[in-house]
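Quick notes on the structure that follows.
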Amino acid sequence: MSFQSRLLIKDEIVKTLENDNECKRIAICGMGGVGKTTLVKEIVTIVKANNLFDEIVMTVVSQSPDLSKMQGDIAGGIGLDELDRYNNVKTRASKLLKKLMDIKRILIILDDVSSDQLDLELIGLPSRDQNPGCKILLTSRNKEVCYRLGCQMKDIFVLTLLSKNEAWDLFKEMAGNLVDNPEINPVAQEIAQECGQLPLAIVIVAKALGDKEHKYIWEDALEQLKISSFPEMKRNVYSRIELSYNLLENEEAKRCLLLCCLFPEDYDISIEYLLRYGVGLGLFKGVPTLLSARHRVHSLVDKLKRCFLLLDSHREESIKMHDVVRDVVMSIAREKHGYTVCCDKEMKEWQNEDTWRCNNAVSIFAKEDEEIPNGLECPKLKLLQLHLPKTSIQYSFFLGMRQLMVASFLNLPNLSLPSSVQALHNLHTLCLDYYKLEDISVICSPTLKSLEILSIAYSKIKELPKQIKVLGNLKLLDLTGCNGLIRIPSGVLASLSRLEELYVRSRSFKWEYWNSEHSVNENNASLMELKSLSPSLRVLEIAIKKAELFPGDLIFEKLEKFWVYIGEAEYWALHPRIGYVAPNCLKVQEFIDSDQYQYSCKVNVGINQLINKSEFLELSLLRSKKFIYKEGGLPYLKDLFLSFCYQLEYLVDASDWKGPTCTPFPQLSSLKLRSHENLKEICRHGHVPDRTPCQCFVNLRTVGIWDCGTLRSVFTLMQVPSLGQLERLQIYECDKIEFIVSAKSSELDKEASCAIEFPNLVRLILFSLPRLIGFVEDVDHGGQSKTKVRTSDTHELVSESMPILSTDIGLLTLTYFHWFPRLDYLDVSSCDSIEVLFDFGGAEVVDDQAPYQKTLFPLLKEINVTLMNNLKHVWRINTNFAHKIQGFHNLTSLYISECHSLKYVFTTSVARLLTQLEKLKIEDCNMMETVVEEDGLLQNKEAAVIVMLPKLSYFKLERLPILWSIFPDHYHFRLLELKFFRLHNCPKLKTSSSEIQSVAKKVDVPSNTITSNKTPSKEECSQGFLRPTMACLVSKRKNKGTSDELDDRVNEEPKFSSSDTACCRISCHHLEELVVDRCDSCDAIFELAEKSDPSRPMFDCLKKISLSTLPNLISIWKTCTNGIIPQGFVGFLKLRELKITKCNNLESVLSPSMAKSLRQLQVLQVCDCQNMVDIVTKEDEKSIDEKKIIFHKLHQLELVDLPNLKSFHPGSTYDFELSYCESITIAKCPKIETFSNGRVSTPKLKKVQKTEDSSSDNLYMAFTGDLNSTIQQTYSLKNKVIREGNQGEVQASVGVSVPPPFARESMQLSETLVASTSNPEIHIPPPSSDDAEMQLTSTSSGTTPSIPATASTLTSADINYHEGENK
């Protein structure tokens, strides 16, 4: 079974094997059971079929390689039988190598390579240089093994888990049809989820259950999987995972993995917890500091991920554990290391005293209130982790845990810790994160002097106790997110002399000022206290309100990691630190004038030190004309964000620099500038002939600029060569920008030597740049292009003095197209001066016979163009050049919105290039006349020209008031993958047959097309949107129209007569959803051909049709045979939903012939159609061959607000069976007379709803078991009431007054109406607004009810019509 997640990898490996110049060693990696060997076998099948190798041999390596066996396997595959004569491994290797050297093309597969000590040469395999035709493909569970065996990173293919849909598909295939059983299906889906998307586990479990018909067997299997005791899984899956664990040579990696199983399934495990628990347990040897231990843990995690025992998480600095891996590791931890983990479903286990007495580690995660035993004896317990948000800990809980080294209490409700915590003399790590405690004074005891890590992050603590000084060995204090903290007594921090890491990120805490004598206030701590920690402090996070709180001479001797925020909490709290290895960060938001700023940087040594070491630097409200630049630059700075620096004119001013070229920001990768109203240039430099300009941004990858009102350009032409790494460029709301790249006259002499391009630019966003007139300023101010672009070594595309053929302003002109070889995403919005996006307009090829060989925008995938009021062309192409273009072939998405000067999107020449276009969305373009414009290149307009849009799957047109057509005539557009098509509010879009087009000669039509053998008359032609080939989506503008003779469905010879027409033809066999809304000119949707091939059903993938607000729609399925579906017609076989709303000229929905073909229809809704008379119309009895219409899967039928509806079907010829329908809604249909004059079978009907208001007390009515007679009798009673009405009134929901004299007749009618109900109850409802709504509810049938002989039995269940109707 092929899966999408495997196909790409398989294709890439096959391509690598096909290429003789590619690598010689390829690896497939993944966790045990992920399908590596299966994939290899599929690859072997492909390469054999393609005859890529002369020989293909395979051997299994396994954990302990048997070299003799491996040599024998390979020798047997290549016919080297004589190898069996030799016993010496080296001799066998020599003989094998000699034989392999004689084979030109051979593929050797080494399966399940576990050891990196494997010597390929000792086996006898050729080295890379000995036999170029020998390729080795290996599989392994460890990436490191692959690296050590000579595989490069690009040649290692990682096989991941299946997607959830793929996993379920595989489970269904392996288990068989039993999973479709309604009772078994929900259990089967849970079992599939328990297999964790691991292919081997899915196959084993599904095959084991495939023949088990009883639900209890499946439920038992589910319970076994949940407790990891499913026998087949243990034998075949768990053993592989355990082997991967055993192969870990690093004992620290094993212990680290064991810690991961302390958390629940699918949990995002913070790596920081692994560090803190590991340090507390003393797992890491040879690490002098916590920071070095953190580096060790991250290194171990990476190793475990390379072995596929851990997985990446979406959360920063977190990992996940696959459920199957967790089961195996937890089994090892339980049996060999004394671990117990209880997570909700295993809660009873931890209440057993033996669990505590015998274990080294206990972890409990519970959501509900659980009672914790008190006074437990835990002589071996070293680690305890509790996550009990609703459970309080008793005061004596810790007395029996004197060996405890790590205690982690997460999210507990206690306001304080029990005093027994002081008994934990060996405690090294205490984590109280998200604990609701407010007081931690109990831990300030000399008995806890061994404590090294104390984390109170995100707790409700208000004050750090002064007694915490006694914790003299404390190395880490974490107060992150303690936003209720208001006091740290002065002197407390200074007393913690061994502190290595301090985290004080609190919105509420205020550091005290320090004065020139360095005295401190007695109330709160000041930053001067940190000076005493300088010899040991390596990690710091603090938030202060003002820079003056920072002592000028505060120097941190050993500080390596820091996050310092200066300013109001609202400023820095938006993007706080995430994780504990995040880049060094300094954020400053404060009004500082130029002098103060220089003082801060030169005199305040502490801040200066932070600036020098910052990797992320954010400055706001700076009062300086230029950003600080010192000698040596900022060597570590990677991310710079400046905002609201109103006096800033230059980021770097190098105009007066002398000496050699300098690089002020050698590592800067991200630059963001916001709201600098006086910014003139980013980098200002003078022109010095003998010196290369300043290389400011050699590693810059992202540039974002917002609201810089005086900036006229972003870069200069001289700076472009240094921007080779730029990947993202985003510019927003800069009113005066005219060019992205400007070319000054002083730079013209340098242009020839500049390698001008943005080779790595991937994303370009230009938003609200009203004066932008081009990406690059024309270097020749005379209006002529000076740059030459060549199609090859001998053909020039643009001449040196080529005149511009149009005055339209183009954003990207052909001269500069080659600048963007990797552009992937382009978004242009609100750039009102731009008239052309891609301008080929002036291009002319010197040699007309040579095509333009350079591929344009080869990687561009997405284009968004919005709010471009003056845009006239997306692509403007010279007609003589159109057929020579190559490019845009990877474009997948095109979105156009609110471009009110745009008349079309692209021409037919451009359409031919868009072979990968998947999504096309156009909306709110007031002047849009057509989507695709004919480019004038078609010479023979009597022949159809094929244009492929083979990948287009999503097509949406909305609010295009003058759109006449979508595609031009004389073209055959093949939309073979179209799945969703929506037309909304395109009132002019139509097809008129008022004019017959030019005569066409016999046309060569592709083998999958068909043409009708006659030309329809005007009366036969429809303004329908969709014929079999969607041809009626096309029209001539103004007075011209089209007719359709093409059906792209069957293989027939075209039969054009002299009167045939050549028009646009559109193939869309994979359409899944069609939405047509507010298209006033539409009078039909589908026009059906006279002949159809049953082997090629029409619209056989269409699942949903939604038609809304089509005032002139008179037919959904238009035929040339008076509504009768053509003989042999097959189509719409997968249609599941048909919804029709506000189509006021539509009188019916289906013909009986069409109704028969809708075998998969599940939902039929018809609402608010004023002229709707019948749902299924009558049909000529001569054409009737089958007198029963069965809606096999219809389960939802809604008929609402149809004032003229008389019946579902007016004839008596057909019987209807709604075999699956359980609910029907008939509301506001006052004229309904009957469901059908034939018999109606509704075996599963349980209720019929008569109102859309689900809160109504009168929502349902009793149903006798016969839908037809119920409606008929209701209608006759209404007429009788109208004819003989008197004074007394019996209120019914139809709003008709029933006088007392008819109470007896009403009672008798009610008896007939509910005949065959066993125990009916009918009550008079109060008058309601649901007068015209009818609802029927089925009950058991078989006996005639007794009805009280009173008029009160006549209810809205009996009569249900609009009040006042026909009064």
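No value in this document is a laboratory result; all are computed from the given coordinates. From a predicted model like this one, the values you see are computed outputs, not experimental measurements. Neighbour counts are summed over all protein chains in view; Cβ atoms, including those assigned to glycine, are modelled from backbone coordinates with ideal geometry.
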Sort the following peptides by mean Cβ neighbour count (other Cβ atoms within 10 Å, averaged over residues), highest first: 828-836, 467-475. 828-836, 467-475
At a 10 angstrom cut-off on C-beta neighbours, averaged per residue, how do the peptides 664-672, 91-99 rank from highest to lowest? 664-672, 91-99
Structure shown: which of Lys164/Lys956; Lys154/Lys254; Lys1104/Lys1206; Lys10/Lys226 lie over 31 Å apart, alpha-carbon to alpha-carbon? Lys10/Lys226
HN-Hα J in Hz across segment 1204-1209 - Karplus 6.51, -1.76, 1.60, θ = phi - 60°, x for Gly and Pro: 10, 5, 9, 6, 6, 8
Name the residues whose placed amide hydrogens come within less than 5 Å of the amide hydrogen of His984, ignoring near sequence neighbours (fewer than 5 apart) on the same chain. Leu957, Glu958, Arg959, Asp1077
Going residue by residue through segment 431-445, the Karplus relation 6.51 cos²θ - 1.76 cosθ + 1.60 with θ = phi - 60° gives ³J(HN,Hα) values, rounded to whole Hz and with x marking Gly or Pro, of 10, 10, 5, 6, 6, 7, 5, 10, 10, 10, 4, 5, 8, 7, 10
Where a ≥ b ≥ c are the square roots of the eigenvalues of the C-alpha gyration tensor, would you call segment 4-121 rounded, which needs a/c under 1.5, or, failing that, prolate if a/b is larger than b/c, or oblate? oblate
How much net charge surrounds Ala293 when only the other residues with a Cβ under 14 Å from the Cβ of Ala293 are counted, with Lys and Arg +1 and Asp and Glu -1? +2
Net charge near Phe556 (other residues with Cβ under 10 Å of its Cβ; Lys, Arg +1; Asp, Glu -1) is +2
What is segment 195-325's relative contact order, in percent, from Cα pairs under 8 angstrom and six or more apart in sequence? 27 percent
Under 20 Å between alpha carbons - lysine pairs in segment 489-590 that sit 8 or more apart or on different chains: 11
Long-range amide H contacts for Cys645: which residues qualify at under 5 Å (H placed 1.01 Å from N, peptide plane, sequence gap of 5 or more or a different chain)? Leu621, Leu622
What does the charge add up to near Ser909, with Lys and Arg as +1, Asp and Glu as -1, over the other residues with Cβ less than 12 Å from its Cβ? 0
Quick check on packing: order 110-116, 177-183, 1226-1232, 759-765 by the mean number of other C-beta atoms within 10 Å, highest mean leading. 1226-1232, 110-116, 759-765, 177-183
